[in-house]
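For reference, the structure is listed below as structure tokens.
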Amino acid sequence: MTSIKGQKTRVKILKFYTPMSFSAARVVALLADQVGFDNDPLAATREERKLADTLAHILREATLDSLVFETREEIGTADPKEEDEESDPTWNADDLDLVDDDPPPDRKRFLFSNGSATLETIIAAANFYRETTDKPNRSLSCMKTKYRFISNDYDLRKLEMFARENENSSRRLSRIKGLQCLSDDLLKEVYQAFEDGYSLHDVDLAVMALKINREHNYIADFTASPSYISRFKAKHRICSRQTTKFVSTANHNHSATIKKEADDFVATIRNEMKNRPLNHFCNADQSGFLKEMHSKRSLAPMGVKTVVRCVQSKASLTHSYTVMPLVYADGSICDLLFVVLQEPGGTFPKKKPIFTAPNLCVTAGSSHIMTKGHMKEWISKCIH
């Protein structure tokens, strides 16, 4: 219910379903009986021709069963303060009369000039109409003989219209299905690359999508555009992330085997700990420390491009030493702490003695990283 210039207007939208026996020629004949007939169409004015075209369009719409009427009915003067439908006690929701868009059961058939046909029959007739070698299309007489619902050129044009709409619909469905298959295959390949430890970027996804489409021929003229890649990532919750850990290819490929061996080792040790004293089991791990440790951040004025801070030795920021503590399962620690210092040539200077302590076992190396020789020295001096 709407209000227009103080009037309440009830709107009815009605779909006009023509019966199977509908004839536009009979409607024209009835109009001629009511308004008369003029035998001189060449004398028609521009306005008369426009009106005739409009009426012809309405009749064609009625023939195609797609004619829609909209009617308005004024039902009295409305009070501006009472313009809602609840203020009108005579108004009923059924008055709006929005006809359901679902057609009746017999609407599965489409009307032509000489009868009706199902969509399957229409598509078959369109294919037959085009299946000819010596001519562009079959003749009207041939089509009338095989398909009785066709009787004139207008029916042939209507047949072509149905065929084009069906082809466009099939093409759209085929593209949608192709995009879905391409997306599924691309997602599998992307996750396989994740499991293999590869770094991926948008250009890698585009190359993978083009390769998959080239192998399976899912979509014609597929370009893997940036918008497609963006939609693919958004749909599957994939984004650019900072790499938090790097591992070697060998460790990544054998991670399952390494984890199994580690679990088996822990299980074996736990069984042994049930039958032996806890001070027979120990754990050791190397730890590297810089000789001089400083924070890499500092307060500074905003806009300054270079921030300079002083340290005792610049080499101390890049050179480190290694310590290897030993802890027993009963909670005690080893009496000696093994320390490896980096020295030129891997030996301490003979003329300058180093600092020693009773709880330190200090040795030198060409780098701070422990070698097999350092491991043997650690076992012989620190493990009792």
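The values are calculated or read from the model by the stated rules, or taken from the named source; none is laboratory data. Remember, predicted model here, so these are calculated numbers, not experimental data. Ideal geometry is used to build each Cβ from the backbone, glycine not excepted, and the neighbour counts take in all protein chains shown.
Conditions tested, residue by residue: (1) touching a residue at least 24 places away in the same chain (Cβ under 8 Å); (2) part of a loop (DSSP other than H, G, I, E, B); (3) exposed (fewer than 13 other Cβ atoms within 10 Å of the Cβ).
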{"site": "Gln312", "(1), (2), (3)": "no, yes, yes"}
{"site": "Leu341", "(1), (2), (3)": "yes, no, no"}
{"site": "Gly345", "(1), (2), (3)": "no, no, yes"}
{"site": "Pro349", "(1), (2), (3)": "no, yes, yes"}
{"site": "Pro358", "(1), (2), (3)": "no, yes, yes"}
{"site": "Ile369", "(1), (2), (3)": "yes, yes, no"}
{"site": "Lys376", "(1), (2), (3)": "no, no, yes"}
{"site": "Ser380", "(1), (2), (3)": "no, no, yes"}
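In segment 254-279, which residues are in contact with a helix residue (DSSP H, G or I) (Cβ under 9 Å, 6 or more places away or on another chain) and without any contact (Cβ under 8 Å) to a residue 40 or more places away in the chain? I'd like the intermediate steps shown before the answer.
In the first step, residues of segment 254-279 are kept if they are in contact with a helix residue (DSSP H, G or I) (Cβ under 9 Å, 6 or more places away or on another chain); the result is 258, 272-273.
Scanning segment 254-279 gives Ile258, Glu272.
Among the numbered conditions (1) at pLDDT 85 or above; (2) closer than 16 Å to Gly365 by Cα; (3) in a loop (DSSP other than H, G, I, E, B), tell me where Asn275 comes up short.
Single failed check for Asn275: (2).
Condition check ((1) within 22 Å of His216 (Cα to Cα); (2) in contact (Cβ under 8 Å) with a residue 12 or more places away in the chain; (3) touching a Leu at 6+ places or on another chain (Cβ under 9 Å)) across all residues:
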{"residue": "Ala126", "(1), (2), (3)": "no, yes, yes"}
{"residue": "Lys135", "(1), (2), (3)": "no, no, no"}
{"residue": "Arg148", "(1), (2), (3)": "no, yes, no"}
{"residue": "Asp153", "(1), (2), (3)": "no, yes, yes"}
{"residue": "Ala163", "(1), (2), (3)": "no, yes, no"}
{"residue": "Asn166", "(1), (2), (3)": "no, yes, yes"}
{"residue": "Gln180", "(1), (2), (3)": "yes, no, no"}
{"residue": "Asp185", "(1), (2), (3)": "yes, yes, no"}
{"residue": "Lys188", "(1), (2), (3)": "yes, no, no"}
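Report, ordered by the first and then the second residue, all pairs with beta carbons closer than 9 Å, sequence separation of six or more or different chains, a first member in segment 29-51 that is surrounded by 10 or more Cβ atoms within 10 Å (Cβ to Cβ), and a second member that is hydrophobic (A, V, I, L, M, F, W, C).
Leu31/Leu55; Asp38/Ala44; Ala44/Ala52
Do you know which residues across segment 114-160 are of a type in the set (A, V, I, L, M) and out of contact with any Asp or Glu (no Cβ under 7 Å at 6 or more places or on another chain)?
Here is the first cut: in segment 114-160, the ones of a type in the set (A, V, I, L, M) are 117, 119, 122-126, 140, 143, 150, 156, 159.
Of everything in segment 114-160, those that are of a type in the set (A, V, I, L, M) and out of contact with any Asp or Glu (no Cβ under 7 Å at 6 or more places or on another chain) turn out to be Ala117, Leu119, Ile122, Ile123, Ala124, Ala125, Met143, Ile150, Leu156, Leu159.
Residues in segment 188-203: is at least one outside any helix (DSSP H, G or I) and under 18 Å from the mean Cα position of the chain (by Cα)? Let's see the steps before the verdict.
Step one: filter segment 188-203 for residues outside any helix (DSSP H, G or I), giving 197-201.
Subsequent filtering for residues that are under 18 Å from the mean Cα position of the chain (by Cα) retains 200-201.
For segment 188-203, residues outside any helix (DSSP H, G or I) and under 18 Å from the mean Cα position of the chain (by Cα): present.
Where the second residue is in a loop (DSSP other than H, G, I, E, B) and modelled with pLDDT of 80 or more and the first is within 11 Å of Val27 (Cβ to Cβ) and lies in segment 54-66, which pairs have Cβ atoms under 8 Å and are six or more apart or on separate chains?
Final answer for the pair search is Thr63/Ser113.
Only one of these conditions is not met by Ile354: (1) at pLDDT 80 or above; (2) outside any strand (DSSP E or B); (3) not charged (D, E, K, R). Which number is it?
For Ile354, the exception is condition (1).
Would you be able to say whether some residue in segment 202-225 is touching a residue at least 40 places away in the same chain (Cβ under 8 Å) and in contact with a Cys (Cβ under 6 Å, 6 or more places away or on another chain)?
To start, the set of residues in segment 202-225 that are touching a residue at least 40 places away in the same chain (Cβ under 8 Å) comprises 218-219, 222.
Next cut, in contact with a Cys (Cβ under 6 Å, 6 or more places away or on another chain) only: 218.
Looking through segment 202-225, at least one residue is touching a residue at least 40 places away in the same chain (Cβ under 8 Å) and in contact with a Cys (Cβ under 6 Å, 6 or more places away or on another chain).
I want to confirm something. Restricting to segment 215-237 and keeping residues that are at pLDDT below 90 and assigned to a helix (DSSP H, G or I), which single residue is surrounded by the fewest Cβ atoms within 10 Å (Cβ to Cβ)?
Going through the qualifying residues, I end up with Glu215.
Taking Cys334 as the residue in question, decide whether it is of a type in the set (A, V, I, L, M, F, W, C), surrounded by 14 or more Cβ atoms within 10 Å (Cβ to Cβ) and out of contact with any Lys or Arg (no Cβ under 8 Å at 6 or more places or on another chain). Spell out how you get there, then give the answer.
Working: of a type in the set (A, V, I, L, M, F, W, C): yes; surrounded by 14 or more Cβ atoms within 10 Å (Cβ to Cβ): yes; out of contact with any Lys or Arg (no Cβ under 8 Å at 6 or more places or on another chain): yes.
Against the criterion (of a type in the set (A, V, I, L, M, F, W, C), surrounded by 14 or more Cβ atoms within 10 Å (Cβ to Cβ) and out of contact with any Lys or Arg (no Cβ under 8 Å at 6 or more places or on another chain)), Cys334 qualifies.
Residue by residue through segment 108-148, note down the ones that are assigned to a strand (DSSP E or B), under 20 Å from Ala24 (Cβ atoms) and not charged (D, E, K, R).
Across segment 108-148, the qualifying residues are Phe110, Leu111, Phe112, Gly115, Ser116, Ala117.
Any idea how many residues of segment 1-28 are at pLDDT below 80 and loosely packed, with under 10 Cβ neighbours inside 10 Å?
3
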